[in-house]
1. Is it the case that segment 158-174 has a residue that's surrounded by fewer than 17 Cβ atoms within 10 Å (Cβ to Cβ), out of contact with any helix residue (DSSP H, G or I) (no Cβ under 6 Å at 6 or more places or on another chain), assigned by TED's automatic domain parsing to the domain that holds residue 106 and part of a strand (DSSP E or B)?
2. Tell me which of these residue 39 doesn't satisfy, since it passes every other one: (1) at pLDDT 85 or above; (2) within 21 Å of the chain's Cα centre (by Cα); (3) exposed (fewer than 15 other Cβ atoms within 10 Å of the Cβ).
3. What number of residues within segment 1-52 are touching a helix residue (DSSP H, G or I) at 6+ places or on another chain (Cβ under 9 Å) and in a loop (DSSP other than H, G, I, E, B)?
4. Restricting attention to segment 126-134, does a residue exist that is surrounded by 15 or more Cβ atoms within 10 Å (Cβ to Cβ) and without any contact (Cβ under 8 Å) to a residue 24 or more places away in the chain?
5. Would you pick out the residues in segment 135-150 that are in a strand (DSSP E or B) and without any contact (Cβ under 8 Å) to a residue 12 or more places away in the chain?
């Protein structure tokens, strides 16, 4: 019996990367939203014709679903600079920009630096933060969590949240892992 290759996460990442809803992709591919949802969770196996139609709808080559992610080394301090809109933070993307399964960001946050007072949500299932040095506060809804060096936290990226370095004297450094990549 042939083993099913898990392709759901790559399809979902491609769909979300283009800002497409299940409804739009289903209409373009001529199938149901439920089928696409189950496919993205690797619960069904599509026919070749259906897979080609879905890939066309999300702008993805069918072969991309089966290729291993490229090997990439990012040397210390040489990630791709990004800015999610926080102030007082130097952020580097450590994973390739086409990596849809996860995104890893290194942030060095100046004293008092933050994502701002307004809560925001990311289009990812899981957000993970690991504190390399210093302290960072994570606010999720009404709760505030203080994390110090070596602490880690996992939460739903879609939950409204924000972060800040509450120290007035020391910067902090954190790693963020988002899955799948928003």
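1. Looking through segment 158-174, none of the residues is surrounded by fewer than 17 Cβ atoms within 10 Å (Cβ to Cβ), out of contact with any helix residue (DSSP H, G or I) (no Cβ under 6 Å at 6 or more places or on another chain), assigned by TED's automatic domain parsing to the domain that holds residue 106 and part of a strand (DSSP E or B).
2. (3)
3. Final tally of qualifying residues: 14.
4. no
5. Selection gives 143, 144, 145.
The values are calculated or read from the model by the stated rules, or taken from the named source; none is laboratory data. Since the structure is predicted, the reported quantities are computational estimates derived from the model, not experimental observations. Because the Cβ atoms are built from the backbone with ideal geometry, glycine has one as well, and the counts that use them run over all protein chains shown.
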